[in-house]
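Participant: Below is the structure I would like to discuss, written out as C-alpha coordinates.
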Amino acid sequence: MLIVGNWKAYVEDLKTARAVAAAAERAADKTRTIVLAPPAPLLAYLRDHTAKKVKFGVQDLSELPGGAVTGETTAALAAAAGAAYAIVGHSERRARGETDELVGRKAAAALAAGLIPIVCIGERERDPDARYLQGLRAQIDAVLGVLSPDQRARVVFAYEPLWAIGKAASQAANPDDLREMVLYFRKVFERALPQAGAQQVSILYGGAVNATNAAALVADTGIAGFLVGRASADPKQFAALLRALR
Ligand code: PGA
(Lines give C-alpha, C1' and ligand atoms only; values in the text may rest on other atoms or scores of the structure.)
Protein backbone atom coordinates (compact mmCIF):
# COMPACT_ATOMS: atom_id res chain seq x y z
CA MET A 1 0.00 0.00 0.00
CA LEU A 2 1.11 3.54 -0.74
CA ILE A 3 0.03 6.25 1.71
CA VAL A 4 0.94 9.80 0.78
CA GLY A 5 0.51 12.63 3.27
CA ASN A 6 -0.06 15.96 1.54
CA TRP A 7 0.54 18.43 4.34
CA LYS A 8 -0.45 21.39 2.17
CA ALA A 9 0.41 24.41 4.35
CA TYR A 10 -1.33 22.92 7.39
CA VAL A 11 2.10 22.29 8.91
CA GLU A 12 4.13 25.47 9.30
CA ASP A 13 6.52 24.72 12.14
CA LEU A 14 9.32 22.25 12.74
CA LYS A 15 7.87 20.80 15.94
CA THR A 16 4.65 19.65 14.28
CA ALA A 17 6.61 18.49 11.24
CA ARG A 18 8.83 16.31 13.43
CA ALA A 19 5.86 14.92 15.33
CA VAL A 20 4.03 13.86 12.14
CA ALA A 21 7.23 12.38 10.71
CA ALA A 22 7.71 10.41 13.94
CA ALA A 23 4.20 8.97 13.61
CA ALA A 24 5.04 7.90 10.06
CA GLU A 25 8.32 6.33 11.20
CA ARG A 26 6.56 4.25 13.84
CA ALA A 27 4.02 2.97 11.32
CA ALA A 28 6.28 2.31 8.33
CA ASP A 29 6.88 -1.34 7.56
CA LYS A 30 7.56 -3.61 4.61
CA THR A 31 3.91 -3.87 3.60
CA ARG A 32 3.47 -0.19 2.92
CA THR A 33 5.26 2.86 1.67
CA ILE A 34 4.60 6.08 3.54
CA VAL A 35 5.41 9.26 1.65
CA LEU A 36 5.36 12.64 3.37
CA ALA A 37 4.86 15.68 1.16
CA PRO A 38 5.71 18.64 3.42
CA PRO A 39 5.93 22.22 2.24
CA ALA A 40 9.14 22.35 0.17
CA PRO A 41 11.15 24.48 2.66
CA LEU A 42 10.86 21.68 5.26
CA LEU A 43 11.93 18.87 2.96
CA ALA A 44 15.71 18.69 3.46
CA TYR A 45 15.34 19.23 7.21
CA LEU A 46 12.90 16.34 7.51
CA ARG A 47 15.03 14.10 5.31
CA ASP A 48 17.93 14.67 7.71
CA HIS A 49 15.83 14.02 10.83
CA THR A 50 13.71 11.06 9.76
CA ALA A 51 14.49 7.35 9.48
CA LYS A 52 15.20 6.14 5.97
CA LYS A 53 12.10 3.96 5.81
CA VAL A 54 9.86 7.02 5.35
CA LYS A 55 9.90 8.52 1.85
CA PHE A 56 9.36 12.12 0.80
CA GLY A 57 7.67 14.04 -1.94
CA VAL A 58 6.97 17.60 -3.03
CA GLN A 59 3.46 19.00 -3.33
CA ASP A 60 4.13 20.58 -6.70
CA LEU A 61 7.09 21.13 -8.96
CA SER A 62 8.24 23.36 -11.75
CA GLU A 63 8.01 22.19 -15.34
CA LEU A 64 11.09 24.32 -16.07
CA PRO A 65 14.77 23.40 -16.02
CA GLY A 66 17.00 25.28 -13.60
CA GLY A 67 18.40 28.74 -14.25
CA ALA A 68 16.78 32.15 -14.24
CA VAL A 69 13.43 31.08 -12.79
CA THR A 70 12.97 32.93 -9.50
CA GLY A 71 10.87 31.09 -6.96
CA GLU A 72 10.53 27.78 -8.82
CA THR A 73 11.19 24.38 -7.25
CA THR A 74 12.69 22.39 -10.09
CA ALA A 75 12.60 18.62 -10.24
CA ALA A 76 16.37 18.38 -9.75
CA LEU A 77 16.10 20.59 -6.66
CA ALA A 78 13.29 18.47 -5.23
CA ALA A 79 15.34 15.32 -5.79
CA ALA A 80 18.43 16.89 -4.19
CA ALA A 81 16.38 17.87 -1.13
CA GLY A 82 15.21 14.29 -0.62
CA ALA A 83 12.05 13.84 -2.68
CA ALA A 84 11.36 10.56 -4.43
CA TYR A 85 7.81 11.55 -5.43
CA ALA A 86 6.17 14.69 -6.79
CA ILE A 87 2.47 15.47 -6.53
CA VAL A 88 1.41 17.28 -9.70
CA GLY A 89 -1.93 18.68 -10.78
CA HIS A 90 -3.48 18.94 -7.35
CA SER A 91 -6.86 20.65 -7.66
CA GLU A 92 -5.64 23.49 -5.45
CA ARG A 93 -2.91 24.14 -8.06
CA ARG A 94 -5.30 23.69 -10.97
CA ALA A 95 -7.59 26.25 -9.28
CA ARG A 96 -4.70 28.71 -9.59
CA GLY A 97 -4.57 28.26 -13.34
CA GLU A 98 -2.72 25.03 -14.11
CA THR A 99 -3.96 23.39 -17.30
CA ASP A 100 -3.97 19.70 -18.19
CA GLU A 101 -1.05 20.39 -20.57
CA LEU A 102 1.02 22.04 -17.84
CA VAL A 103 0.36 19.12 -15.53
CA GLY A 104 1.63 16.80 -18.28
CA ARG A 105 4.84 18.83 -18.56
CA LYS A 106 5.30 18.71 -14.80
CA ALA A 107 4.88 14.92 -14.78
CA ALA A 108 7.49 14.66 -17.56
CA ALA A 109 9.89 16.94 -15.63
CA ALA A 110 9.47 14.77 -12.51
CA LEU A 111 10.22 11.56 -14.40
CA ALA A 112 13.23 13.08 -16.14
CA ALA A 113 14.73 13.79 -12.69
CA GLY A 114 13.96 10.28 -11.42
CA LEU A 115 10.93 11.28 -9.34
CA ILE A 116 7.65 9.37 -9.44
CA PRO A 117 4.83 11.75 -10.36
CA ILE A 118 1.58 11.42 -8.42
CA VAL A 119 -0.87 12.95 -10.86
CA CYS A 120 -4.07 14.25 -9.27
CA ILE A 121 -7.25 14.03 -11.31
CA GLY A 122 -10.79 14.72 -10.23
CA GLU A 123 -14.07 16.32 -11.21
CA ARG A 124 -15.56 19.39 -9.57
CA GLU A 125 -19.07 17.96 -9.67
CA ARG A 126 -21.06 15.23 -11.37
CA ASP A 127 -23.53 16.14 -14.10
CA PRO A 128 -26.45 13.84 -14.91
CA ASP A 129 -25.09 13.19 -18.44
CA ALA A 130 -21.76 12.00 -17.00
CA ARG A 131 -19.78 14.52 -19.02
CA TYR A 132 -17.40 14.71 -16.08
CA LEU A 133 -16.00 11.38 -17.25
CA GLN A 134 -14.71 13.09 -20.41
CA GLY A 135 -13.00 15.71 -18.28
CA LEU A 136 -11.28 12.99 -16.27
CA ARG A 137 -10.21 11.26 -19.48
CA ALA A 138 -8.74 14.53 -20.77
CA GLN A 139 -6.79 14.95 -17.53
CA ILE A 140 -5.32 11.46 -17.94
CA ASP A 141 -4.63 11.72 -21.68
CA ALA A 142 -2.81 15.05 -21.27
CA VAL A 143 -0.29 13.31 -19.02
CA LEU A 144 0.11 9.90 -20.66
CA GLY A 145 0.18 11.53 -24.11
CA VAL A 146 3.43 13.38 -23.47
CA LEU A 147 5.29 10.44 -21.91
CA SER A 148 7.20 7.52 -23.41
CA PRO A 149 5.73 4.02 -22.93
CA ASP A 150 8.31 3.31 -20.21
CA GLN A 151 7.51 6.53 -18.39
CA ARG A 152 3.74 5.92 -18.53
CA ALA A 153 4.12 2.76 -16.51
CA ARG A 154 5.80 4.71 -13.67
CA VAL A 155 3.05 7.29 -13.13
CA VAL A 156 0.83 7.05 -10.06
CA PHE A 157 -2.65 8.57 -10.39
CA ALA A 158 -4.59 9.98 -7.45
CA TYR A 159 -8.33 10.25 -7.94
CA GLU A 160 -9.45 13.21 -5.86
CA PRO A 161 -12.99 14.39 -6.59
CA LEU A 162 -13.14 18.06 -5.65
CA TRP A 163 -16.48 17.58 -3.93
CA ALA A 164 -14.78 15.39 -1.32
CA ILE A 165 -11.56 17.30 -0.65
CA GLY A 166 -11.44 18.89 2.77
CA LYS A 167 -14.89 17.57 3.71
CA ALA A 168 -16.09 15.37 6.58
CA ALA A 169 -15.28 11.66 6.27
CA SER A 170 -18.95 10.90 5.54
CA GLN A 171 -18.63 12.90 2.30
CA ALA A 172 -15.77 10.88 0.82
CA ALA A 173 -16.50 8.80 -2.27
CA ASN A 174 -18.30 5.61 -1.32
CA PRO A 175 -16.54 2.29 -1.94
CA ASP A 176 -18.95 1.07 -4.65
CA ASP A 177 -18.55 4.27 -6.59
CA LEU A 178 -14.78 4.22 -6.16
CA ARG A 179 -14.62 0.67 -7.53
CA GLU A 180 -16.51 1.81 -10.66
CA MET A 181 -14.22 4.78 -11.12
CA VAL A 182 -11.13 2.59 -10.87
CA LEU A 183 -12.52 0.33 -13.63
CA TYR A 184 -13.20 3.38 -15.77
CA PHE A 185 -9.67 4.74 -15.29
CA ARG A 186 -8.14 1.39 -16.28
CA LYS A 187 -10.16 1.49 -19.52
CA VAL A 188 -8.81 4.98 -20.21
CA PHE A 189 -5.25 3.84 -19.45
CA GLU A 190 -5.62 1.13 -22.10
CA ARG A 191 -5.63 3.82 -24.76
CA ALA A 192 -2.00 4.60 -23.91
CA LEU A 193 -0.72 1.43 -22.26
CA PRO A 194 -0.89 -2.27 -23.09
CA GLN A 195 -3.80 -3.98 -21.36
CA ALA A 196 -1.62 -5.66 -18.71
CA GLY A 197 0.18 -2.37 -18.08
CA ALA A 198 -3.12 -0.54 -17.67
CA GLN A 199 -4.12 -2.99 -14.95
CA GLN A 200 -0.92 -2.32 -13.04
CA VAL A 201 -1.01 1.46 -12.82
CA SER A 202 -1.28 2.49 -9.17
CA ILE A 203 -4.41 4.49 -8.42
CA LEU A 204 -4.73 6.29 -5.10
CA TYR A 205 -7.86 7.83 -3.67
CA GLY A 206 -7.91 11.21 -1.94
CA GLY A 207 -10.61 13.40 -0.45
CA ALA A 208 -11.89 13.32 3.14
CA VAL A 209 -9.92 10.20 4.10
CA ASN A 210 -9.31 9.57 7.78
CA ALA A 211 -9.13 6.73 10.31
CA THR A 212 -12.88 6.15 10.19
CA ASN A 213 -13.32 5.47 6.47
CA ALA A 214 -9.92 4.40 5.10
CA ALA A 215 -10.21 0.65 5.69
CA ALA A 216 -13.56 0.45 3.87
CA LEU A 217 -12.28 2.55 0.97
CA VAL A 218 -9.34 0.26 0.31
CA ALA A 219 -11.02 -3.09 1.01
CA ASP A 220 -12.34 -4.09 -2.40
CA THR A 221 -12.08 -1.07 -4.64
CA GLY A 222 -8.85 -1.70 -6.52
CA ILE A 223 -7.01 1.34 -5.18
CA ALA A 224 -3.35 1.04 -4.20
CA GLY A 225 -3.56 3.49 -1.32
CA PHE A 226 -4.38 7.07 -0.40
CA LEU A 227 -3.43 10.68 -0.86
CA VAL A 228 -4.37 12.22 2.47
CA GLY A 229 -4.59 15.92 3.25
CA ARG A 230 -5.87 17.16 6.58
CA ALA A 231 -5.59 13.85 8.45
CA SER A 232 -1.93 13.55 7.44
CA ALA A 233 -0.94 16.90 8.95
CA ASP A 234 -1.77 16.09 12.57
CA PRO A 235 0.36 13.52 14.43
CA LYS A 236 -2.55 11.91 16.32
CA GLN A 237 -4.88 11.72 13.33
CA PHE A 238 -2.17 10.42 11.04
CA ALA A 239 -1.13 7.75 13.56
CA ALA A 240 -4.79 6.69 13.91
CA LEU A 241 -5.19 6.50 10.14
CA LEU A 242 -2.07 4.36 9.78
CA ARG A 243 -3.29 2.08 12.58
CA ALA A 244 -6.68 1.70 10.88
CA LEU A 245 -4.92 0.50 7.74
CA ARG A 246 -2.92 -2.26 9.40
P1 PGA B 1 -8.23 16.02 2.44
O2 PGA B 1 -7.35 16.49 1.19
O3 PGA B 1 -7.70 14.68 2.87
O4 PGA B 1 -8.02 17.08 3.45
O5 PGA B 1 -9.66 15.94 1.95
C6 PGA B 1 -6.89 15.59 0.23
C7 PGA B 1 -6.07 16.33 -0.78
O8 PGA B 1 -6.42 17.47 -1.12
O9 PGA B 1 -5.04 15.80 -1.26
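The values are calculated or read from the model by the stated rules, or taken from the named source; none is laboratory data. Please read all numbers here as calculations on a predicted model, not as lab measurements. No Cβ is skipped: glycine too gets one built from the backbone with ideal geometry, and neighbour counts run over all protein chains shown. These accessible areas exclude ligands, DNA and RNA; they are computed on the full protein's heavy atoms, side chains included. Shrake-Rupley method; radii C 1.70, N 1.55, O 1.52, S 1.80 Å.
Participant: Are there trypsin sites (Lys or Arg not before Pro) in region 34-79 that DSSP marks as loop and that have at most 12 other Cβ atoms within 10 Å, and which are they?
Facilitator: Passing sites in region 34-79 are LYS52.
Participant: Peptides 144-154, 30-40, 102-112: what's the order by average Cβ count within 10 Å, highest mean first?
Facilitator: Listed from highest to lowest mean packing, they are 102-112, 30-40, 144-154.
Participant: Now for a separate question. Can you tell me the dipole magnitude for the chain around its Cα centre, using point charges on the Cβ only (Lys, Arg +1; Asp, Glu -1), in Debye to the nearest 20? It would help to have the intermediate numbers written out before the result.
Facilitator: On the way: 30 positive and 25 negative charges, 149 e Å.
Using only the charged Cβ atoms, the result is roughly 720 debye.
Participant: In region 172-226, with Lys and Arg counted as +1 and Asp and Glu as -1 at Cβ, which of these residues, ASN174, PHE226, ILE203, has the Cα nearest the positive end of the dipole, that is, farthest along it?
Facilitator: Towards the positive end, the residue furthest out is ILE203.
Participant: In deg cm²/dmol, rounded to 500, what helix-only [θ] at 222 nm does the chain give when every DSSP H run of at least 4 residues adds -39500 (n - 2.57) and the total is split over its residues?
Facilitator: Details: 11 runs with 97 residues, N = 246.
Mean residue ellipticity, 222 nm, calculated: -11000 deg cm²/dmol.
Participant: Pairs of alpha-carbon atoms within less than 8 angstrom and 6+ residues apart define the contacts here; what relative contact order does region 1-136 have, in percent?
Facilitator: Computed value for region 1-136: 19 percent relative contact order.
Participant: Measure up LYS52/LYS167; LYS30/LYS236; LYS15/LYS55; LYS15/LYS52; LYS30/LYS167; LYS15/LYS53 against 27 Å on the Cα-Cα distance and list the ones that go over.
Facilitator: Values: LYS52/LYS167 32 Å; LYS30/LYS236 22 Å; LYS15/LYS55 19 Å; LYS15/LYS52 19 Å; LYS30/LYS167 31 Å; LYS15/LYS53 20 Å.
Over 27 Å apart, Cα to Cα: LYS52/LYS167; LYS30/LYS167.
Participant: So which aspartates and glutamates pass the test for LYS8, namely a Cα distance under 16 Å, with those fewer than 8 places away in the same chain ruled out?
Facilitator: Counting by Cα, and skipping residues close in sequence, LYS8 has these aspartates and glutamates nearby: ASP60, GLU92, GLU160, ASP234.
Participant: Looking at the chain from every direction and averaging, what is the projected area of its Cα convex hull in nm²?
Facilitator: That works out to 12.5 nm², a quarter of the Cα hull's surface.
Participant: Can you tell me the accessible area per residue over the chain, all protein chains present, probe 1.4 angstrom, in square angstrom?
Facilitator: Accessible surface, normalised per residue, equals 46 Å².
Participant: Compute the signed sum of charges (Lys and Arg +1, Asp and Glu -1) over the other residues within less than 11 Å, Cβ to Cβ, of VAL188. Provide the component values of the computation, followed by the final result.
Facilitator: Values: positive: ARG137, ARG186, LYS187, ARG191; negative: ASP141, GLU190.
Residues near VAL188 contribute +2 overall.
Participant: Quick one: Karplus J couplings for region 215-224, per residue in order, coefficients 6.51, -1.76, 1.60, θ = phi - 60°, nearest Hz, x for Gly and Pro?
Facilitator: Values per residue, Gly and Pro as x: 4, 5, 6, 9, 4, 9, 9, x, 7, 9 Hz.
Participant: Could you list which residues have their amide H under 5 Å from that of LEU204, counting only those 5 or more apart in sequence or on another chain, with H placed in the peptide plane?
Facilitator: Hits under the 5 Å cutoff: PHE157, ALA158, TYR159, ALA224.
Participant: Here's something else I'd like to know. Percent relative contact order of region 109-227, based on C-alpha pairs within less than 8 angstrom and at least six residues apart? Walk me through the intermediate numbers first.
Facilitator: Numbers: 165 pairs, mean separation 34.4, N = 119.
Relative CO of region 109-227 lands at 29 percent.
Participant: Scan region 78-159 for GluC sites (Glu not before Pro) in coil per DSSP, keeping those whose Cβ has at most 11 other Cβ atoms within 10 Å, and list them by number.
Facilitator: Qualifying residues, ordered by number: GLU125.
Participant: Go through region 40-48 residue by residue and turn each phi into a ³J(HN,Hα) via Karplus (6.51, -1.76, 1.60, θ = phi - 60°); whole Hz please, and just put x for glycine and proline.
Facilitator: 3, x, 8, 4, 5, 4, 5, 4, 6
Participant: May I ask you to give the percent of accessible area on the chain that is carbon plus sulfur, with a probe radius of 1.4 Å?
Facilitator: 52 percent
Participant: What is the set of long-range amide H partners of THR33 at a cut-off below 5 Å, with H atoms built 1.01 Å from backbone N?
Facilitator: Under 5 Å from the amide H of THR33 lie the amide H atoms of LEU2, ILE3, each far enough along the sequence or on another chain.
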